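One structure is given here, and the rest of the page talks about it.
The values are calculated or read from the model by the stated rules, or taken from the named source; none is laboratory data. Just so you know, these numbers come straight off a predicted model, no measurement behind them. Ideal geometry is used to build each Cβ from the backbone, glycine not excepted, and the neighbour counts take in all protein chains shown.
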Amino acid sequence: MNNTHKLEGLVIPCITPFTDDLSEVDFEKFDKLVDYLIEEQCADAIIPIGTTGESTSLSHLEKELVIERAVKRANKRVPIFVGAGGANLAETISLSEYAENIGADGLLIVVPYYIRPDQEGIYQFFKAVAQRTNLPIMIYNIPSRTAVNMSIDTIMKIANIDNVIGIKDCFNDITNTSEMIRICRSELKKRIFYLDR
């Protein structure tokens, strides 16, 4: 990741606008939205096709088109962290590799949803993705949508992977969050970013 782009400040998930008949992505509106988030909302980074960005409603090709459009429209004004995660490991790896090839700045990888993996399964999922890309990765823990919460031990284990740079935490438990931050500060040998919803 470009050292001038740090994943901190106002990191905004970007919705995916559709045409009025909901038949396809409205890329003209998408361009305007990216400009608006950067120029008027002063975003420090943008996340397309995350869980806010209709990721479960887009085909694989549509996801690739949205990634490409976001990267081109932002034009390095702010980092683009692509929401490439999902329940399918092969698709997550494919989107991650595509994002890297097209010039995205990083990835937001969600805990696999619906399948409810155990903690070791979560770790192996993130490890497999991280091994296939050089992009920086943000862990995305959102139990309300994935039906499973990452333990602090699992977060620490994943955070020790070289290209994992932080976590977006939506667990919504201040005691757990405080303990996670305390442990990360005392035990991790690198700085990681922490994003709250």
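Among the candidates VAL66, VAL71, which residue alone is on the phi < 0 side of the Ramachandran plot and surrounded by fewer than 23 Cβ atoms within 10 Å (Cβ to Cβ)?
VAL71
Taking segment 105-123 as the region of interest, how many residues are surrounded by 14 or more Cβ atoms within 10 Å (Cβ to Cβ) and either in contact with a Gly (Cβ under 9 Å, 6 or more places away or on another chain) or within 15 Å of ASN88 (Cα to Cα) (or both)?
11
Does ILE115 satisfy being free of Cβ contacts under 8 Å to residues at least 60 places away in the same chain, part of a helix (DSSP H, G or I) and of a type in the set (Val, Ile, Thr)?
Taking the combined requirement at face value, the residue does not satisfy it.
Of the conditions (1) modelled with pLDDT of 95 or more; (2) out of contact with any Asp or Glu (no Cβ under 9 Å at 6 or more places or on another chain); (3) more than 26 Å from ARG185 (Cα to Cα), VAL129 satisfies every one except a single condition; which number is it?
Every condition holds for VAL129 apart from (3).
Out of the residues in segment 22-55 that are surrounded by fewer than 17 Cβ atoms within 10 Å (Cβ to Cβ) and either modelled with pLDDT under 90 or in contact with a helix residue (DSSP H, G or I) (Cβ under 6 Å, 6 or more places away or on another chain) (or both), state the one that is nearest to GLU91 (Cα to Cα).
Only one residue fits best here, namely THR52.
Of all the residues that make up segment 121-160, how many are among the polar types (S, T, N, Q) and in a helix (DSSP H, G or I)?
4
Find the residue count for segment 94-112, including only residues that are assigned to a strand (DSSP E or B) and β-branched (Val, Ile, Thr).
Here the count works out to 2.
Restricting attention to segment 75-86, report how many residues are surrounded by 17 or more Cβ atoms within 10 Å (Cβ to Cβ) and either in contact with a His (Cβ under 8 Å, 6 or more places away or on another chain) or farther than 21 Å from LEU195 by Cα (or both).
2
Considering only segment 80-91, I want to know if a residue exists there that is more than 29 Å from PRO117 (Cβ to Cβ) and of a type in the set (D, E, K, R).
No, segment 80-91 contains no residue that is more than 29 Å from PRO117 (Cβ to Cβ) and of a type in the set (D, E, K, R).
Looking at ASP21, ASP118, which is the one that is farther than 24 Å from ILE161 by Cβ and more than 13 Å from the chain's Cα centre (by Cα)?
Checking each option against the conditions leaves just ASP21.
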